[in-house]
Amino acid sequence: MQNNTFSTLFVGQNLIKLLAVDSTNNFLKTLVSKSEPLPEGTVIMADDQFAGRGQQENTWHAEPGKNLTISILLKPSFLPLNKQFMLNMAVSISINNALTVFLPTDVHIKWPNDIYFRDKKLGGVLIENAIVGNTIKTAIVGIGLNVNQQFFTEELSSKATSLHQILQQDVNLELLLAEICSQIESLYLQLKAERYTFLRAAYVDRLYKINKPSLYRQNGEVFEGTIKGITDFGLLNVERNGEITQFNFKEIEFLNT
């Protein structure tokens, strides 16, 4: 479905709405694999995503019709393979920027790509790159955000929140989507212009627990450390006992105490 309500050049101009799907990322991957090329910036939006996925095959739970579950097709063939994490940075910053329209303070990026309000999760990102040779042919950017969900399971209620819970009112999903598409297009063009230093600084500036001594767990051991930033490859720099240690994804667990 063509969309003319977004003030963007390409992100969101081709908007496909679905009532229900197992995963918007899976649906978009299937579309991409078919012979007819899809325009860059195509967005898949589902009312009900019943088998959404997070990082490392974690499951993403979202109440039907209440939240934002989308996938966006990008074609970052200009991005060197060793800069893949820069796309994650650009997308995470974009969502953070979009949310500050509704929540002026306390929105952060929990490394590598969760979106937090204070100490609770608002959403997350899952980017799946298709690499051909030395080129990223396509990137499917999956985004899940808790928007108008009012209740979570007992297990999740201490860990997750939504815009409705914070604001005590509903947020228009399409207005939020339009803001996210606008921000992603803007930051994606910054990425294309190789503004890596700017993107990295903006990402680090928004990091959850940056420069705040906190407790973490690695291989069962709890320790106090302070996040100091990230490497070019997206590894987390944590100061521990006066020395910087680098952690890869899933090597370190944040402990909220």
- request: At a 1.4 Å probe radius, which order do Ser33, Ser182 fall into by accessible area, largest first?
  value: Ser33, Ser182
task: Express in Å², to the nearest 10, the accessible area of Leu189 obtained by rolling a 1.4 Å probe over the protein heavy atoms while all chains stay in place.
output: 70 Å²
message: I'd like the Karplus ³J(HN,Hα) series for the stretch 168-183: coefficients 6.51, -1.76, 1.60, θ = phi - 60°, whole numbers in Hz, and an x wherever there's a Gly or Pro.
response: 6, 6, 6, 10, 5, 4, 6, 5, 5, 4, 4, 5, 5, 4, 5, 5
- request: Pull up the cross-link candidates among the lysines for Lys120, meaning alpha carbon to alpha carbon under 27 Å and not fewer than 8 places away within one chain.
  value: Lys66, Lys110, Lys159, Lys209, Lys212, Lys228, Lys250
Assigned charges on the beta-carbon of Lys, Arg, Asp, Glu; the stretch 14-206 dipole about Cα centre (debye): 580 debye
message: Taking R0 as 35 Å, what FRET efficiency do you get between Arg195 and Lys228 from their Cβ-Cβ distance, rounded to the nearest 0.05?
response: 0.95
message: Please report the accessible area of Thr30 (heavy atoms, 1.4 Å probe, ligands and nucleic acids excluded) in Å², nearest 10.
response: 70 Å²
statement: Carbon and sulfur atoms account, in whole percent of the 1.4 Å probe accessible area of the chain, for 48 percent
- request: Counting helices only, and only those DSSP H runs with n ≥ 4, report the 222 nm mean residue ellipticity of the chain as the sum of -39,500 (n - 2.57) divided by its residues, in deg cm²/dmol to the nearest 500.
  value: -7500 deg cm²/dmol
field: Environment charge at Leu236 (Cβ cut-off 12 Å; Lys +1, Arg +1, Asp -1, Glu -1)
entry: +2
field: Within the chain, longest stretch free of exposed trypsin sites (Lys or Arg not before Pro) [DSSP loop, at most 14 other beta carbons within 10 Å]
entry: 160-249
field: Qualifying aspartates and glutamates (Cα of each under 19 Å from Cα of Lys34; at least 8 residues distant if same chain)
entry: Asp22, Glu128
field: For the stretch 14-206: accessible area per residue (Å², 1.4 Å)
entry: 44 Å²
Per-residue SASA entry for Ser158, accessible area with 1.4 Å probe, Å² rounded to 10: 80 Å²
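Mind running the shape call on the stretch 212-254? Use the C-alpha gyration tensor, a ≥ b ≥ c as the square roots of the eigenvalues: rounded below 1.5 for a/c, prolate if a/b tops b/c, oblate otherwise. Could you put the intermediate results ahead of the total?
Numbers: a/c = 1.94, a/b = 1.21, b/c = 1.60.
The shape class here is oblate.
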query: For the chain, modelled as a Gaussian network with Cα springs under 10 Å, which listed residue fluctuates most, Asn172, Asn67, Asn148?
result: Asn172
- prompt: Can you tell which of Gly124, Leu103, Ile227 lies farthest toward the positive end of the dipole of the chain, using +1 and -1 charges on the Cβ of basic and acidic side chains (Lys, Arg; Asp, Glu)?
  reply: Ile227
- request: Between Ile244, Ile16, Ile210, find the one with the highest GNM mean-square fluctuation for the chain; connect C-alpha pairs within less than 10 Å.
  value: Ile244
query: Once the stretch 14-206 is represented by equal point scatterers at the alpha-carbon sites, with solvent omitted, what log10 I(q)/I(0) does the Debye formula produce at q = 0.08, 0.14, 0.15, 0.16 Å⁻¹?
result: -0.24, -0.76, -0.88, -1.00
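The values are calculated or read from the model by the stated rules, or taken from the named source; none is laboratory data. Note that this is a predicted model, so its numbers are computed, not measured. Counting neighbours? That spans all protein chains shown, and the Cβs are built from the backbone with ideal geometry, glycine included. These accessible areas exclude ligands, DNA and RNA; they are computed on the full protein's heavy atoms, side chains included. Shrake-Rupley method; radii C 1.70, N 1.55, O 1.52, S 1.80 Å.
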